[in-house]
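Read the structure below first, then the notes.
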Amino acid sequence: MRSTRIFGIGAAAVSLTLLAGACGSGGGVATGPEEGEGEGQEITIGLIPWEEDIAVTHLWKAVLEEKGYTVNIENVDVAPMYEGTANGDIDLFLDTWLPITHADYWEEYGDRLEDLGTWNDNASLQITVPSYVEDINSIADLKGNADMFDGRIVGIESGSGLVQTTKDSAIPAYDLGDEYELVESSTPAMLQELETAIADEEPIVVTLWRPHIEYSKYDLKDLEDPEGAMGEAESIHMVGREGFGADYEELNGWLSNFTLDDDQLQALETAVLIDHEGDEEAGARAWLADNPDFLPEVMGDDAEGLDFSS
């Protein structure tokens with residue numbers, strides 16, 4: 001997440017930037033529409049470039065193409081994602097954080113969306129430092145130590161719930177406003193700063209979230225939050241446009257059984273974002289090949305004949 005994580009209603013003003021594109025199959029031989037239960041049915045899945053969303057979106061793209069669906073992925077910003085799904089331009093989005101992170105968007109658009117269930121119940125927003133940063137173990141420890149971090153907390157997109165929670169809750173709760181600037185940039189920019197600082201063993205404090213691939217790449221320390229300013233663990237929901245369940249009855253049934261625990265998600269993200277960087281669907285297919293029991297648990301008998309080993 002979340003990566004851009006929580007978004008205020010003000011983000012709804014962001015212009016719609018649908019960078020459309022039906023992504024090609026990343027490997028293996030997909031069954032044709034005449035053979036798959038999808039029977040050529042087309043689906044548009046919205047994608048925001050958050051690590052967990054990239055991973056699960058390409059997982060489902062790989063599976064659905066094998067089942068005969070035509071899958072289009074639309075790359076969108078946060079507010080346009082919810083607006084586009086509510087308007088029926090996007091069929092499915094797999095990375096809604098509730099009850100807090102995306103609460104504003106759910107309040108605005110929820111009556112025109114279908115909640116398709118949750119696939120992870122341990123998502124959380126964090127303020128994080130590298131583990132080598134000593135004597136900073138709590139958000140409260142940041143006060144009086146701004147010089148160590150050049151007075152900066154490195155955030156992500158300004159419309160994200162993560163930035164909004166940090167700005168509106170954590171910074172006031174720990175009285176950090178006079179000492180720190182919350183840098184609102186982008187998820188890639190934040191990650192680049194984090195990785196550069198770690199390479200140089202320099203202090204840095206960033207907004208981050210769990211689950212995230214960075215925790216498997218680096219030794220990071222989430223700061224304790226005695227005031228509870230960053231909120232409790234949340235659930236990651238799948239949401240569809242109005243009529244999704246009726247129009248995609250088969251897929252809706254599979255999604256109702258779809259779950260990933262933290263270890264599974266970390267392994268999937270590693271396969272998609274590290275091992276097969278630049279070919280995300282190939283990474284998803286590799287993970288499915290390494291986890292042959294996963295799809296039968298999700299799809300039951302519908303998983304018969306699916307083979308991602310090639």
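Working only within the stretch 241-267, note down all residues that are of a type in the set (A, V, I, L, M) and closer than 15 Å to L94 by Cα. Hits for the stretch 241-267 are L251, L255, L260, L265. Listed by first and then second residue, the pairs linking a residue in the stretch 70-82 that is in the same structural domain as W106 (by TED's automatic domain parsing) to a residue that is charged (D, E, K, R), with Cβ atoms under 6 Å apart and 6 or more places separating them unless they lie on different chains, are T70/E42; V71/K61; V71/E65.
The number of residues in the stretch 39-90 that are closer than 21 Å to E269 by Cα, in a strand (DSSP E or B) and either in contact with a helix residue (DSSP H, G or I) (Cβ under 6 Å, 6 or more places away or on another chain) or acidic (D, E) (or both) comes to 5. Report whether or not L251 is within 26 Å of V78 (Cα to Cα) and at pLDDT 95 or above. For L251, the condition - within 26 Å of V78 (Cα to Cα) and at pLDDT 95 or above - is met.
Looking across W106, W97, one residue alone is more than 17 Å from I43 (Cα to Cα), within 13 Å of the chain's Cα centre (by Cα) and outside any loop (DSSP other than H, G, I, E, B). It is W97. Within the stretch 125-155, if we keep just the residues that are of a type in the set (S, T, N, Q) and crowded, with 20+ Cβ neighbours inside 10 Å, the residue that is farthest from the chain's Cα centre (by Cα) turns out to be T128. Checked against the criterion of being under 30 Å from D263 (Cβ atoms), in a strand (DSSP E or B) and in contact with a helix residue (DSSP H, G or I) (Cβ under 6 Å, 6 or more places away or on another chain), the stretch 132-153 has no qualifying residue. Looking at E201, E249, E193, just one residue is surrounded by fewer than 21 Cβ atoms within 10 Å (Cβ to Cβ), of a type outside the set (S, T, N, Q) and under 22 Å from the mean Cα position of the chain (by Cα), and that residue is E193.
G228 meets the conditions (1) assigned by TED's automatic domain parsing to the domain that holds A55; (2) at pLDDT 95 or above in every case but one. The failed one is (1). Which one of the conditions (1) in contact with a Phe, Trp or Tyr (Cβ under 7 Å, 6 or more places away or on another chain); (2) outside any strand (DSSP E or B) does Q126 fail to meet, given that it meets all the rest? Every listed condition holds for Q126 apart from (2). Tell me, yes or no, whether the stretch 265-283 has at least one residue that is surrounded by 15 or more Cβ atoms within 10 Å (Cβ to Cβ) and of a type in the set (S, T, Y). Within the stretch 265-283 (the criterion being surrounded by 15 or more Cβ atoms within 10 Å (Cβ to Cβ) and of a type in the set (S, T, Y)), the answer is yes, since at least one residue qualifies. Residues of the stretch 267-290 that are among the small types (G, A, S) and within 18 Å of the chain's Cα centre (by Cα): A267, A271, G278, G283, A284. Does the stretch 219-239 contain at least one residue that is of a type in the set (D, E, K, R), crowded, with 22+ Cβ neighbours inside 10 Å, closer than 25 Å to V78 by Cα and touching a Leu at 6+ places or on another chain (Cβ under 9 Å)? The answer is yes; a qualifying residue exists.
The values are calculated or read from the model by the stated rules, or taken from the named source; none is laboratory data. Note that the structure is predicted; figures quoted are calculated from it, not measured. We place every Cβ from the backbone using ideal geometry, glycine too, and count neighbours over all the protein chains shown.
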